[in-house]
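Below you'll find the structure, written out as structure tokens, and then a few comments.
The values are calculated or read from the model by the stated rules, or taken from the named source; none is laboratory data. Just so it is clear, the model here is predicted, and its values are computed rather than measured. With ideal geometry, Cβ positions are generated from the backbone for all residues, glycine too; neighbour counts draw on all protein chains shown.
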Amino acid sequence: MMTISKSLALSIFVSLNLLTNANLLAQSTKSKTSKGKEVKSSTTTYEKYIDDNNEEHLKEFIELVSIPSISSISSHKEDVAKAANWIVNKLKSIGIPTAQVIPTDGQPIVFGSWDKAPGKPTVLIYAHYDVQPVKESEWEIPPFSPVIRDGKIFGRGASDDKSGVMISIWAVEAMLKTDGKLPVNVKFVFEGEEENGSPNFKSFIEANKELVKADFAVNADGGQYDESTPEILMSLRGTAVMEFSIKTADIDGHSGQFGGKTPNSAVILSQIISSFYTKEGNIAVEGFYDNVVQATAKEKEMMKKIPYNKVDDMKILGTTVEVGDTAYSSLERIWFRPTLEIIGMQSGYTAPEGHSNIIPGNAMARITCRLVNNQNPSEIQDLLIKHIDKNLPAGATVTYKFGRGKGGASPMKFPSDTKEYKYVADVLEKVYGKAPFQMGTGGSIGSLISIKEVLGIYCYSLGMELPDEKWHASNEFFRLSSIRKGQLIYCSYLQHVADEESKLKK
């Protein structure tokens with residue numbers, strides 16, 4: 001928790017930073033067409049409120065990002081609850097008296113609704129307020145002591161996805177404080193364990209189907225292609241997560257006394273991991289690709305329209321080569337081909353200092369598979385178990401762990417021929433002056449699948465995250481210019497839905 005002196009220092013720093021970056025923020029007040037002409041926005045009536053409250057909103061943003069709401073670490077359970085309560089109080093302060101924390105079997109969900117527009121459609125806004133764990137040693141600043149500099153706010157969750165939570169709230173605030181009402185009914189559903197695989201989200205939706213029922217849904221945990229180019233997410237990969245541990249002895253052995261005759265768990269783990277892959281880098285697990293359907297002709301045309309440069313992608317991480325099956329393009333491998341990635345390993349003595357001459361008796365590896373098309377997470381886990389068991393040598397035993405329960409998130413695709421898609425695309429084109437790219441993603445958002453399966457509506461992406469903002473990595477940040485633009489996009493979207501749906505009733 002921040003001290004009073006730190007809070008005061010941050011407040012002063014925010015004020016000075018706002019003055020320094022006044023020109024940057026001012027530039028984001030005007031949308032441009034592809035020819036550079038200014039677009040007259042129907043949301044101009046909200047601009048004054050947004051501008052007048054920008055400094056206060058930045059202070060709020062700092063408060064929320066300062067809360068270490070890490071959903072996957074049990075010691076942060078109180079922090080997750082603190083963030084949920086903070087959001088509820090914010091929602092109530094803008095005129096959402098129904099805002100509440102709803103418990104689940106895991107982390108809580110924040111719900112709030114404004115339903116004073118009878119006869120008008122209802123829009124559900126989804127986002128998540130939990131964040132990824134951190135490696136503090138890799139951060140230039142303490143990850144939960146956010147800092148504003150160079151037109152950016154740095155801190156864990158600043159981009160993914162507390163930006164989505166706050167931008168959508170601030171947009172509704174601007175409309176309520178300016179007009180005293182909204183053009184449509186709005187429901188907020190903010191999840192507290194998306195970064196942990198959304199294990200309880202579907203059961204929450206099923207148990208509260210009438211409460212969260214809506215006509216349209218948008219996902220604030222989304223992004224844009226770059227600062228001047230919009231995008232709409234058209235496909236998600238699914239995911240299967242598991243962990244396996246190799247045991248060769250009850251205790252670690254002295255490498256001199258037992259070396260040469262004792263099985264080494266770390267070596268066996270490495271051999272099994274190596275057996276997952278062919279020399280070309282494809283996955284050698286029998287049956288892994290059996291249900292994979294090739295990208296359609298339409299999807300291949302969609303990919304050709306994206307100005308992808310692998311060098312730009314590599315710069316984000318600091319990598320020097322691109323790997324994968326060259327029979328498929330880079331985007332096709334990311335969007336429409338499955339993966340099997342080792343996301344963590346542990347064995348032996350790994351402290352930063354010291355040297356322990358041991359033969360490890362235990363070794364562990366964590367796996368994440370990104371799945372496509374009609375691959376089933378549970379079936380993929382079964383294939384991996386069968387493969388590991390088959391390659392387990394004498395003298396070793398294996399145990400398995402499924403931290404989120406057996407199974408995972410299924411892949412998902414979004415159609416482009418719906419009015420729901422058109423409403424989002426219309427607004428993005430109006431603000432950016434160009435039609436949005438249709439994009440796939442290698443990531444997974446299981447909650448969007450649950451919304452479709454239970455509520456019967458597609459939850460199209462409408463977020464402001466940008467690909468270089470280091471989601472899940474150290475030194476995550478979010479651009480201040482996106483805060484204003486995002487609010488205007490949400491104001492415009494809610495009004496556009498109201499206008500277009502009114503036309504259909506005439």
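The set of residues in the range 340-373 that are of a type in the set (S, T, N, Q), out of contact with any helix residue (DSSP H, G or I) (no Cβ under 9 Å at 6 or more places or on another chain) and closer than 19 Å to Ser255 by Cβ comprises Gln346, Thr350, Ser356, Asn357. Considering the range 434-469, the residues that are in a helix (DSSP H, G or I) and of a type in the set (A, V, I, L, M, F, W, C) include one that is modelled with the lowest pLDDT, namely Ile449. Counting the residues of the range 126-160 that are closer than 17 Å to Ala83 by Cβ and hydrophobic (A, V, I, L, M, F, W, C) gives 6.
Return the residue satisfying two criteria in turn: it lies in the range 285-299 and is in contact with a Phe, Trp or Tyr (Cβ under 8 Å, 6 or more places away or on another chain) and touching a residue at least 60 places away in the same chain (Cβ under 8 Å), and of such residues it is farthest from Val323 (Cα to Cα). First the steps, then the outcome.
Taking the range 285-299 as the starting set, the residues that turn out to be in contact with a Phe, Trp or Tyr (Cβ under 8 Å, 6 or more places away or on another chain) are 285, 294-295, 299.
Remaining after also requiring touching a residue at least 60 places away in the same chain (Cβ under 8 Å): 285, 299.
On the way: Val285: 19, Glu299: 22 Å.
For the range 285-299, the residue satisfying everything is Glu299.
Determine whether the range 419-428 contains at least one residue that is out of contact with any Pro (no Cβ under 8 Å at 6 or more places or on another chain) and either under 21 Å from Ala295 (Cβ atoms) or not assigned by TED's automatic domain parsing to the domain that holds Gly223 (or both). No, the range 419-428 contains no residue that is out of contact with any Pro (no Cβ under 8 Å at 6 or more places or on another chain) and either under 21 Å from Ala295 (Cβ atoms) or not assigned by TED's automatic domain parsing to the domain that holds Gly223 (or both). Taken residue by residue, the range 245-260 has at least one member that is touching a Lys or Arg at 6+ places or on another chain (Cβ under 8 Å), over 17 Å from Pro411 (Cβ atoms) and surrounded by fewer than 21 Cβ atoms within 10 Å (Cβ to Cβ). Mind checking which residues of the range 476-498 are outside any strand (DSSP E or B) and charged (D, E, K, R)? Glu476, Arg484, Lys485 - these are the residues of the range 476-498 that are outside any strand (DSSP E or B) and charged (D, E, K, R). Checking each residue in the range 351-373 for being among the hydrophobic types (A, V, I, L, M, F, W, C) and touching a residue at least 24 places away in the same chain (Cβ under 8 Å) picks out Ile358, Ile359, Ala363, Met364, Ala365, Ile367, Cys369, Leu371, Val372.
Could you please find all residues in the range 295-309 being in contact with a helix residue (DSSP H, G or I) (Cβ under 8 Å, 6 or more places away or on another chain), within 20 Å of Gln224 (Cβ to Cβ) and not hydrophobic (A, V, I, L, M, F, W, C)? Within the range 295-309, just Tyr308 meets the criteria.
Considering only the range 342-398, state which residues are surrounded by 12 or more Cβ atoms within 10 Å (Cβ to Cβ), of a type in the set (Val, Ile, Thr) and either over 30 Å from Gly238 (Cβ atoms) or out of contact with any Pro (no Cβ under 7 Å at 6 or more places or on another chain) (or both). Within the range 342-398, Ile342, Ile358, Ile359, Ile367, Thr368, Ile380, Ile385, Ile388, Val398 qualify. The set of residues from the range 404-439 being small (Gly, Ala, Ser), surrounded by fewer than 17 Cβ atoms within 10 Å (Cβ to Cβ) and touching a strand residue (DSSP E or B) at 6+ places or on another chain (Cβ under 8 Å) comprises just one member, Ser416. Exactly one residue out of Lys209, Lys162, Lys120, Lys187 is basic (Lys, Arg), buried (at least 24 other Cβ atoms within 10 Å of the Cβ) and at pLDDT 95 or above, and it is Lys162.
What do you reckon, is Glu501 surrounded by fewer than 22 Cβ atoms within 10 Å (Cβ to Cβ), out of contact with any strand residue (DSSP E or B) (no Cβ under 6 Å at 6 or more places or on another chain) and either closer than 14 Å to Asp160 by Cα or among the acidic types (Asp, Glu) (or both)? Spelling it out, Glu501 is indeed surrounded by fewer than 22 Cβ atoms within 10 Å (Cβ to Cβ), out of contact with any strand residue (DSSP E or B) (no Cβ under 6 Å at 6 or more places or on another chain) and either closer than 14 Å to Asp160 by Cα or among the acidic types (Asp, Glu) (or both).
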